[in-house]
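Novice: Below are the structure tokens for one structure; questions will follow.
The values are calculated or read from the model by the stated rules, or taken from the named source; none is laboratory data. This one's a predicted model, so the numbers in the text were calculated from it and none came from an experiment. Here Cβ is always computed from backbone atoms with ideal geometry, including for glycine, and neighbour counts include all displayed protein chains. SASA here: full protein model, heavy atoms, side chains in, ligands and nucleic acids out. Shrake-Rupley method; radii C 1.70, N 1.55, O 1.52, S 1.80 Å.
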Amino acid sequence: TLLYEHLLRCDQPIPLRKKTLLDTVARFRNESRGLVPKVVDLLDEIARRRDAIRQLAGTVPAWNAELDALIHKRFLSDLDLSQLFHYTRYLDGLQKRIQRARQNPHKDIEKAQLLIPYIHAFNSLKCPAAEKRSLRWLIEEYKIQLFAQELRTPVKVSPKIMDAKIAELRRQFS
């Protein structure tokens, strides 16, 4: 369903006008070429990196929990296709974090203290899962910013932006 939802997305109200329908079909045909092998290759790469990180994490519960939160049995149903293409960067960020934490655990703890309030806020939010996802991806980008800046984030993320998103969700759904 991940591929179908991506390909069949349409921002126009239904029923579609003939031109809009033809444009949607043309986009579907164009975007679908080579998409399945690309996604299969990406999923294979994600599995390979997950296994490498699992080995690197060893028996450290926090790192394994972080990996399990990112890749779980139903992770594909929790995202859209565009988000899947960020997974290798998220996994690279976690790998760099583990490697750096082994070299300087105190620095990792300091950075983790900046992250923990946002994880608690995310877990305590009472709103639909679809609405929470935007905050979840902001948190993943914040992890990249904190622990592996060289990987860069495609969106601006800061404590101020995350606080605003949390406040917006609380206002909207409380």
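Novice: Can you tell me which of 56, 67, 91, 81 is in contact with a helix residue (DSSP H, G or I) (Cβ under 7 Å, 6 or more places away or on another chain) and more than 20 Å from residue 143 (Cα to Cα)?
Specialist: Result of the check over 56, 67, 91, 81: 81.
Novice: Same structure again: What are the residues in segment 62-88 that are open to solvent by less than 70 Å² (accessible area, probe 1.4 Å), in contact with an Asp or Glu (Cβ under 9 Å, 6 or more places away or on another chain), touching a residue at least 60 places away in the same chain (Cβ under 8 Å) and of a type outside the set (A, V, I, L, M), if any?
Specialist: Across segment 62-88, the qualifying residue is only 86.
Novice: Is it the case that residue 97 is part of a helix (DSSP H, G or I) and open to solvent by less than 70 Å² (accessible area, probe 1.4 Å)? Before you say what the answer is, go through the steps one by one.
Specialist: Details: part of a helix (DSSP H, G or I): yes; open to solvent by less than 70 Å² (accessible area, probe 1.4 Å): yes.
The answer is yes for residue 97.
Novice: What tally of residues in segment 152-164 results from selecting those that are open to solvent by less than 40 Å² (accessible area, probe 1.4 Å) and assigned to a helix (DSSP H, G or I)?
Specialist: Restricting attention to segment 152-164, the residues satisfying the condition of being open to solvent by less than 40 Å² (accessible area, probe 1.4 Å) are 157-158, 162.
Subset that is assigned to a helix (DSSP H, G or I): 162.
Total meeting the criteria: 1.
Novice: Which of the helices (runs of 4 or more DSSP H) contained wholly in segment 1-79 include at least 2 residues that are modelled with pLDDT under 75 and more than 23 Å from the chain's Cα centre (by Cα)?
Specialist: Where helices (runs of 4 or more DSSP H) fall fully within segment 1-79 and carry at least 2 residues being modelled with pLDDT under 75 and more than 23 Å from the chain's Cα centre (by Cα), they are 18-32.
Novice: Looking at segment 46-60 only, could you name the residues that are under 23 Å from residue 76 (Cα atoms) and open to solvent by 50 Å² or more (accessible area, probe 1.4 Å)?
Specialist: If the condition is that a residue be under 23 Å from residue 76 (Cα atoms) and open to solvent by 50 Å² or more (accessible area, probe 1.4 Å), then 48, 49, 50, 51, 54, 55 are the ones that fit.
Novice: Within segment 100-112, can you find the residues that are open to solvent by 60 Å² or more (accessible area, probe 1.4 Å) and in contact with a helix residue (DSSP H, G or I) (Cβ under 7 Å, 6 or more places away or on another chain)? Give the steps one after another, and end with the answer.
Specialist: Filtering segment 100-112 down to residues open to solvent by 60 Å² or more (accessible area, probe 1.4 Å) leaves 100, 102-107, 109-110.
Listed by number, the list holds a single entry, 100.
Novice: Further, regarding this structure: Regarding residue 142, is this residue among the aromatic types (Phe, Trp, Tyr), in a helix (DSSP H, G or I), buried (at least 17 other Cβ atoms within 10 Å of the Cβ) and touching an Asp or Glu at 6+ places or on another chain (Cβ under 9 Å)?
Specialist: No: the conditions fail for residue 142.
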